Amino acid sequence: MASFDSKKIRIILLNAAFLVTSIGILAFLLNAPEESTAKLPLDEDHNRFIGMKKKEAEKFCTECHTPEGVYPLPEDHPPKYRCLFCHKRD
Ligand code: HEC
Ligand code: HEC
């Protein structure tokens with residue numbers, strides 16, 4: 001009869017747990033939605049930002065994207081510091 005080597009079994013179990021966790025994380029990452037945040041539109045209002053440095057361009061966003069502006073942000077908008085990190089230019 002094989003004698004149980006509890007240390008070996010423990011190592012096998014830990015490895016199995018590690019494997020399961022890794023596969024879980026990988027599956028989660030592969031399932032992640034495509035980048036879905038709205039891109040900077042390519043229109044008259046936004047074309048001038050294409051050639052600018054991000055930090056420069058972002059100073060102008062709030063000319064229009066404020067509660068009083070022509071196109072306020074949605075109420076549930078995430079923290080909005082650094083617009084262009086999330087809203088990519090093409
Ligand atoms: C002159 C006014 C104006 C300025 C300045 C401006 N926007 Fe806009 N923006 C608009 C208007 C109007 C719309 C809605 C119509 C459209 O999609 O162009 C809009 C729409 C958007 C959208 C939504 C696009 C979509 O697909 O729903 C994003 C994102 C955006 N702007 C980001 C920015 C960022 C980032 C800046 C600064 C770099 C900026 N805007 C500067 C007027 C402006
Ligand atoms: C942390 C990431 C992040 C930052 C920073 C950010 N946004 Fe957004 N923004 C989002 C997400 C997410 C949405 C909602 C989903 C979508 O439609 O893209 C959104 C939505 C918007 C919309 C409405 C889009 C529509 O379809 O109507 C506008 C306009 C916009 N953001 C402009 C800005 C401006 C201007 C700034 C900087 C002052 C900014 N955002 C900063 C993530 C961000």
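Every number here is computed from the coordinates shown, using simple stated rules; none is lab data. All figures in this text were calculated on a predicted structure; none of them were measured in a lab. All Cβ positions, glycine included, derive from the backbone under ideal geometry; neighbour counts span all protein chains shown.
Just want the ordering: 65, 77, from fewest to most Cβ atoms lying within 10 Å of their own Cβ.
77, 65
Taking every C-alpha pair closer than 8 Å and separated by at least 6 residues, the mean separation divided by the residue count of the chain gives a relative contact order of 31 percent. Phi angles across region 70-79 convert, under the Karplus curve 6.51 cos²θ - 1.76 cosθ + 1.60 with θ = phi - 60°, into 3J(HN,Hα) values of 6, 9, x, 6, x, 5, 8, 4, x, x Hz, Gly and Pro given as x.
By how many degrees, 0 to 90 and rounded to 10, does the Cα axis of helix 6-31 deviate from the longest principal axis of the chain? Helix 6-31 sits at roughly 20 degrees to that axis. Close lysine pairs were tallied over the chain: pairs 8 or more places apart or on different chains with Cα atoms under 26 Å apart number 15.
Taking loop as defined by DSSP and a crowding limit of 10 other beta carbons within 10 Å, which GluC sites (Glu not before Pro) in region 44-88 fit? In loop regions of region 44-88 (DSSP not H, G, I, E or B), the sparsely surrounded GluC sites (Glu not before Pro) are 44, 63, 68, 75. Computed from point charges on the beta carbon alone (+1 for Lys and Arg, -1 for Asp and Glu), the dipole magnitude for the chain about its Cα centre is near 760 Debye.
Ranking 38, 60, 28 by how far each Cα lies toward the positive end of the dipole of the chain (charges on Cβ) leaves 28 at the top. Taken about its Cα centre, region 47-86 carries a charge dipole of roughly 360 debye when the Cβ of each Lys and Arg holds +1 and the Cβ of each Asp and Glu holds -1. Scaled against the 2.2 N^0.38 Å expected of a compact globular protein of N residues, the Cα radius of gyration of the chain reads 2.03.
The convex hull around the C-alpha trace of region 47-86, projected and averaged over every direction, spans 3.0 square nanometres.
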